[in-house]
Amino acid sequence: MKALTIKNFKTAPTLDLNAPNPIPDSQFDTLINVLAAPIENFDKANAAGRHYSSSYWHPAFPSIPGASGISRRVDNGKLVAFPARTLKPQFGSFAEQTVANSNLLLEIPEDTDIYASTAAASSLLTSVAPLQFSLEIKPGNTVLINGATGFAGQLAIQAAKSLGAAEIIGTGRNPERLAMLKDLGATQTISLADDDKTISKNLNNMHIQGDLIILDYLWGHPIELILKAIVPKSLDMKRATSLVSIGAIAGQEISLPSAALRTSGLQIIGMQTPKVMQNQRAVYQAVWQLLGTGKIKADVKTISLEEAAANIDWQSPVPSGVRTVIKIK
């Protein structure tokens, strides 16, 4: 079969016209024909050996990267979506066929926009999982999305709006995309392209209703400024604040003042929590329920396996505002 394969963690994926066909077993029991698969930062990091799970997904070589997508079951022809952790190691989604755990496949409507939906699903999960499951957001709360001009951040605004957030605050550097955020549902925007003094002033002037949830796609210096801004100026603690760490493209480490924890009501969690891990299918169903409304906007580019092998820079992060999907069949 045709697939993108890696021969080691040091070389980029290449096109293989005779990749080995996957064989179902007791756990990964269903053969599927892949129709579309998104290229995520997770996939790039895994293929390069930079992710902590790289050795799990690629225990031997050659190996096929790709974690998620949309496919048809070979046994019954049903259109199904599959999230990360569904596929058998060494047989990822950047191929004509793979094998999946049937318990994790999700049947989706035949009229699904395959390419837009597969592009949005994994990124939308990064906001739906913490908002709806880990933190169980209540209507009337405030969601601050740090890095809202990126692809996942734009989807997070739309997720927060659908879940009843009263105030949705988006931060970002790109002025054109920042200006577009209110069309997606943001009620306030803050530019990270300004100097620290101006950013801090704007953060201090945020209008916050109810509890505050921060979805952080950046980490690094921007989140340091936000954490400094949320420290109360008195002992009158008005709200609970939750910070969800999702990405770290602005820096892997931060300086965290103890006052941000002692007096702000702040809790810090990751995107993957026990609630999310124990309810993976329900989380994925919630994502697809939201996609099924037809109200989610996503900027998508499609390419072939051949174009992915020739043109994708596998060492660089995925483009910020658009998602590339490999159109396989």
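The values are calculated or read from the model by the stated rules, or taken from the named source; none is laboratory data. Just so you know, these numbers come straight off a predicted model, no measurement behind them. Note: ideal-geometry Cβ built from the backbone for every residue, glycine included; neighbour counts use all protein chains shown. We work out accessible area using only protein heavy atoms, side chains counted, and drop any ligands, DNA or RNA first. Shrake-Rupley method; radii C 1.70, N 1.55, O 1.52, S 1.80 Å.
Residues in segment 117-139 that are open to solvent by 10 Å² or more (accessible area, probe 1.4 Å) and either part of a helix (DSSP H, G or I) or within 15 Å of residue 324 (Cβ to Cβ) (or both): 117, 122, 125, 126, 132, 133, 134. Only one of the numbered conditions (1) assigned to a loop (DSSP other than H, G, I, E, B); (2) open to solvent by 10 Å² or more (accessible area, probe 1.4 Å) is violated by residue 33, and that is (1). For segment 236-253, state whether one or more residues are surrounded by 13 or more Cβ atoms within 10 Å (Cβ to Cβ), in a helix (DSSP H, G or I), modelled with pLDDT of 90 or more and of a type in the set (Ser, Thr, Tyr). Checked against the condition, which is being surrounded by 13 or more Cβ atoms within 10 Å (Cβ to Cβ), in a helix (DSSP H, G or I), modelled with pLDDT of 90 or more and of a type in the set (Ser, Thr, Tyr), segment 236-253 yields no hits at all.
In segment 13-30, of all residues being surrounded by 17 or more Cβ atoms within 10 Å (Cβ to Cβ) and over 24 Å from residue 107 (Cβ atoms), the one that is nearest to the chain's Cα centre (by Cα) corresponds to 13. State which residue is most open to solvent (accessible area, probe 1.4 Å) when the search covers only segment 258-291 and only residues that are within 21 Å of residue 145 (Cα to Cα) and part of a loop (DSSP other than H, G, I, E, B). Among residues in segment 258-291 that are within 21 Å of residue 145 (Cα to Cα) and part of a loop (DSSP other than H, G, I, E, B), the one most open to solvent (accessible area, probe 1.4 Å) is 272.
Taken over segment 254-274, the residue count meeting the criterion of being modelled with pLDDT of 90 or more and within 25 Å of residue 316 (Cβ to Cβ) is 3. Of the residues examined, residue 226 is not one that is open to solvent by less than 20 Å² (accessible area, probe 1.4 Å) and over 24 Å from residue 126 (Cα atoms). For residue 109, the criteria (1) open to solvent by less than 30 Å² (accessible area, probe 1.4 Å); (2) modelled with pLDDT under 95 hold in every case but one, which is (1). Of everything listed in (1) modelled with pLDDT of 90 or more; (2) assigned to a loop (DSSP other than H, G, I, E, B), the single unmet condition for residue 301 is (2). Quick one: how many residues across segment 292-324 are within 19 Å of the chain's Cα centre (by Cα), of a type outside the set (Lys, Arg) and open to solvent by less than 30 Å² (accessible area, probe 1.4 Å)? Adding up the residues that qualify gives 4.
So which of 62, 83, 89 is in contact with a strand residue (DSSP E or B) (Cβ under 9 Å, 6 or more places away or on another chain) and open to solvent by 50 Å² or more (accessible area, probe 1.4 Å)? Working first, answer last.
On the way: 83 fails: open to solvent by 50 Å² or more (accessible area, probe 1.4 Å); 89 fails: open to solvent by 50 Å² or more (accessible area, probe 1.4 Å).
Only one candidate passes the filter, namely 62.
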